[in-house]
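Asker: Sharing a structure here in structure tokens format.
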Amino acid sequence: MDGKARGWQFWIDRGGTFTDIVARAPDGALLTKKLLSENPGRYCDAAIEGVRRILGLAPAEALPADAIDSVKMGTTVATNALLEHKGERTALVITRGFGDALRIGYQNRPDLFARQVLLPEQLYDRVIEAGERVSAQGDVLEPLDAATLRRDLQAAYGAGLRAVAIVFMHGYRYPAHERQAAALAQNVGFSQVSASHAVSPLMKLVGRGDTSVVDAYLSPILRRYIDQIASELGGARLLFMQSNGGLADARRFAGKDAILSGPAGGIVGAARSAERTGFKQIIAFDMGGTSTDVSHYAGEFERNAETLIAGVKLRAPMLAINTVAAGGGSICRFDGTRYRVGPESAGADPGPACYRRGGPLTVTDCNLMLGKLRPEHFPAIFGSAGDQSLDRAVVEKKFAALADEIAAAAGNRRSATEVAEGFVAIANTTMANAIKQISIERGYDVTAYTLCCFGGAGGQHACGVADALGIERILIHPLAGVLSAYGIGVADRRAIKEKAVEQPLVDTQLGPLAAALDALAVEGVAAMAADGVAVAHITVIRRAHVKYQGTDAPLGVEFGDAAAVRERFEAAHRQRFGFVTPEKPLIVEAASVEIVGAPDIDHEPAADMISGNATPIGETAMFSGGISHRAAIYERARLRPGETLAGPAVVIEANATTIVEPGWQARVDERCNLVLDRAAKRP
């Protein structure tokens, strides 16, 4: 844990459009690489290709496993499989009489006035209703009919199914029948068996069942990808980023923990860089090619116990991230009456129009049209051969045609640049509204926060989003273009273990709860130590998940005596909901322990502070606020701590471009962060 790598470390975020790589050389130097995640005919996997290029290897040359200390990854493989319904064919084994329970769900109506409610497509192919029943008190009302269940499992196996999810009534508390069924499935030959008591040992059949099905559905896809990567790496350590914000050994990385694998790295990177800079309250703003992820951080990671993704309710701890379909690749179009931005994305293939693959106009094309992106300062990775820069000519042609179309349909004559700026304004509003949902709507004064901006497209929109929210300061890390990959590299090892409780919050009943937490902690520490983390570098955080009696909104607070837990709960409840009800009894719904292993890497050191004024390397015409400006161009690699520059300006770097809009000024701090402040306060 001394931060000295024995060899190369590779920190990789495989996103929907780009794969970002930060490599730490044995001497501590950091190198970066950005590749298209999908590039048919040029390479099979962007992560491995990036490692090869950084090490200077030929395409077919084997990776030198003895030179690689570790590879840490975040991946969208599981997320894409869930969204596209391309997971493993799965059987659901559930208590007899509840075969439709997951399909019925909670009978939510997303559109209250819709006459036809369209239920999401289920992930499982077959339902097996098992003869068994255990009461809520643990009484065996009906023993497990093992013979019939074995026959049904063999039939499912014969039909080609290889994954099974097992969900029995009250199985989270009394798992004996689930364990029997899991053993039967393994004996039949199922390669993936996800039993709910192991996957999500919490109350609520539907949430527990959905989570178990997702785990069974995605884990085989994930396992095949892990095996593919591991086969290329030889014996190098392979770790994956989990949705909870911590790294896990590849052997312990499961489908239910992979949904927010990539975005979680960005939150960790933003939190670490902000803490080092002295900013305690941040809004993390990650704008990539396909979507934008935003989250709130004020000293600790916020997590959701339940998350709804693609119509599936998951009960697994995930970082609280709000995602909107607004990214650099979001398609811009006119529908005959109004401008539209997204939710469709051009992705990596064909990509935006400027990528030279015949793609549609996107937000990236808008910024190119406005002069905020310069082809000569952009990586030359486009076109059929992957060696050309952005195509401005085709963008100008398409926007001119779109301006004519809008004028003919709406009678509103605007120039091509005005049309492009209109689309950018819509994208900025969409992203600002997403930030309001995780800040203002939850009782936080967003104007007191710093906008920590990263992602390949984030710097192009930071000022516009901050203007829409009244935020006065923006923080942009030196590796902002690949900050999700950086966050994966500096993340802790983490594991979260949970246990259903459902008991009143009184001191006389906290003894058994404390003992249960201790048992979970011992189990978690042993597992992490087995993965190579020294026990001395492991800490344990104990939490109680508390709610008012008769409600269904538990809040996780640090565990202690009853008075301390009540005080912490009421403070959290007042912050979240604006009120407390002291006369109501409190119920501990669940308990959890979070096992944290310190990272095996140090942060990069601070730079020496010098003072001066930045020198531009050129200038460009930039359209902003309906006016064309002459904007100075700066190369970020040449900026030194203490230097300042005033907007309008364009700051270019290898993996991102930052736009300092008129009315903003930027300075370089002692750690080479770019800090933007509003030059003139709002009236």
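The values are calculated or read from the model by the stated rules, or taken from the named source; none is laboratory data. No experiment lies behind these values; they were computed from the predicted model shown. Virtual Cβ from ideal backbone geometry, glycine too; neighbours counted across all protein chains shown. Heavy atoms of the whole protein, side chains included, go into the accessibility calculation; ligands, DNA and RNA do not. Shrake-Rupley method; radii C 1.70, N 1.55, O 1.52, S 1.80 Å.
Asker: Which one is most open to solvent (accessible area, probe 1.4 Å), of the residues in region 621-633 that are in contact with an Asp or Glu (Cβ under 9 Å, 6 or more places away or on another chain) and either closer than 15 Å to Ala425 by Cα or free of Cβ contacts under 8 Å to residues at least 24 places away in the same chain (or both)?
Answerer: Filtering region 621-633 for residues that are in contact with an Asp or Glu (Cβ under 9 Å, 6 or more places away or on another chain) and either closer than 15 Å to Ala425 by Cα or free of Cβ contacts under 8 Å to residues at least 24 places away in the same chain (or both), the one most open to solvent (accessible area, probe 1.4 Å) comes out as Arg630.
Okay, residues lined up against (1) in contact (Cβ under 8 Å) with a residue 24 or more places away in the chain; (2) within 16 Å of Glu498 (Cα to Cα); (3) open to solvent by 10 Å² or more (accessible area, probe 1.4 Å); (4) within 20 Å of the chain's Cα centre (by Cα):
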position: Gln186; (1), (2), (3), (4): no, no, yes, no
position: Gly207; (1), (2), (3), (4): yes, yes, no, no
position: Ile221; (1), (2), (3), (4): yes, no, yes, yes
position: Gly234; (1), (2), (3), (4): yes, no, yes, no
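Asker: A further question follows. Tell me which strands (runs of 3 or more DSSP E) are completely within region 283-326 and hold 1 or more residues being of a type in the set (S, T, N, Q) and open to solvent by 10 Å² or more (accessible area, probe 1.4 Å), or say none if there are none. Let's see the steps before the verdict.
Answerer: Working: elements: 292-297, 307-309, 312-314, 322-324.
Result: 307-309, 322-324.
Asker: Something else now. Would you say Gln122 is open to solvent by 60 Å² or more (accessible area, probe 1.4 Å) and not small (Gly, Ala, Ser)?
Answerer: Values: open to solvent by 60 Å² or more (accessible area, probe 1.4 Å): no; not small (Gly, Ala, Ser): yes.
For Gln122, the condition - open to solvent by 60 Å² or more (accessible area, probe 1.4 Å) and not small (Gly, Ala, Ser) - is not met.
Asker: Another one. Looking at region 656-670, can you tell me whether even one residue there is open to solvent by 40 Å² or more (accessible area, probe 1.4 Å), part of a strand (DSSP E or B) and touching a strand residue (DSSP E or B) at 6+ places or on another chain (Cβ under 6 Å)?
Answerer: Within region 656-670, one or more residues are open to solvent by 40 Å² or more (accessible area, probe 1.4 Å), part of a strand (DSSP E or B) and touching a strand residue (DSSP E or B) at 6+ places or on another chain (Cβ under 6 Å).
Asker: Here's something else I'd like to know. For residues in region 109-129 being assigned to a loop (DSSP other than H, G, I, E, B), more than 26 Å from the chain's Cα centre (by Cα) and not acidic (Asp, Glu), which is nearest to Thr90 (Cα to Cα)?
Answerer: Of everything passing the filter in region 109-129, Leu118 is nearest to Thr90 (Cα to Cα).
Asker: Sticking with this structure for a sec: Here are the criteria: (1) within 30 Å of Ile652 (Cβ to Cβ); (2) open to solvent by 30 Å² or more (accessible area, probe 1.4 Å); (3) in a helix (DSSP H, G or I); (4) not aromatic (Phe, Trp, Tyr). Tell me which single one Pro478 does not satisfy.
Answerer: For Pro478, the exception is condition (3).
Asker: Further, regarding this structure: Taking only region 254-270 into account, find how many residues are in contact with a Phe, Trp or Tyr (Cβ under 7 Å, 6 or more places away or on another chain) and surrounded by fewer than 24 Cβ atoms within 10 Å (Cβ to Cβ).
Answerer: Adding up the residues that qualify gives 0.
Asker: Among the residues of region 361-377, write down those that are within 29 Å of the chain's Cα centre (by Cα), closer than 16 Å to Val419 by Cα and of a type outside the set (Val, Ile, Thr).
Answerer: Passing the criteria: Leu361, Asp365, Cys366, Asn367, Leu368, Lys372.
Asker: I've got another one for you. Which one is modelled with the lowest pLDDT among residues in region 340-360 that are surrounded by fewer than 17 Cβ atoms within 10 Å (Cβ to Cβ) and either more than 21 Å from Glu418 (Cβ to Cβ) or over 28 Å from the mean Cα position of the chain (by Cα) (or both)?
Answerer: Among them, the one singled out is Asp349.
Asker: Any residue at all in region 507-530 that's in contact with a helix residue (DSSP H, G or I) (Cβ under 7 Å, 6 or more places away or on another chain), crowded, with 19+ Cβ neighbours inside 10 Å and within 11 Å of Ala591 (Cβ to Cβ)?
Answerer: Within region 507-530 (the criterion being in contact with a helix residue (DSSP H, G or I) (Cβ under 7 Å, 6 or more places away or on another chain), crowded, with 19+ Cβ neighbours inside 10 Å and within 11 Å of Ala591 (Cβ to Cβ)), the answer is yes, since at least one residue qualifies.
Asker: Please indicate, with yes or no, whether at least one residue in region 130-143 is within 25 Å of the chain's Cα centre (by Cα) and either in a loop (DSSP other than H, G, I, E, B) or modelled with pLDDT under 95 (or both). Even if it seems obvious, please write down each step before you answer.
Answerer: Step one: of region 130-143, the residues within 25 Å of the chain's Cα centre (by Cα) are none.
No, that holds for no residue.
Asker: Of the residues that sit in region 317-339 and are hydrophobic (A, V, I, L, M, F, W, C) and more than 14 Å from the chain's Cα centre (by Cα), which one is farthest from Ser384 (Cα to Cα)?
Answerer: Restricting to residues being hydrophobic (A, V, I, L, M, F, W, C) and more than 14 Å from the chain's Cα centre (by Cα), the top hit is Phe334.
Asker: Looking at region 143-153 only, could you name the residues that are farther than 13 Å from Ala182 by Cα and surrounded by 14 or more Cβ atoms within 10 Å (Cβ to Cβ)?
Answerer: Asp145, Thr148, Asp152
Asker: Sticking with this structure for a sec: Determine, yes or no, whether Ser70 is crowded, with 20+ Cβ neighbours inside 10 Å and closer than 23 Å to Thr364 by Cβ.
Answerer: no
Asker: Restrict the check to region 164-171 and report whether at least one residue is open to solvent by 70 Å² or more (accessible area, probe 1.4 Å) and in contact (Cβ under 8 Å) with a residue 24 or more places away in the chain. Walk me through it before giving the result.
Answerer: Applying the first criterion (open to solvent by 70 Å² or more (accessible area, probe 1.4 Å)) to region 164-171 yields none.
So far as region 164-171 goes, no, none of its residues is open to solvent by 70 Å² or more (accessible area, probe 1.4 Å) and in contact (Cβ under 8 Å) with a residue 24 or more places away in the chain.
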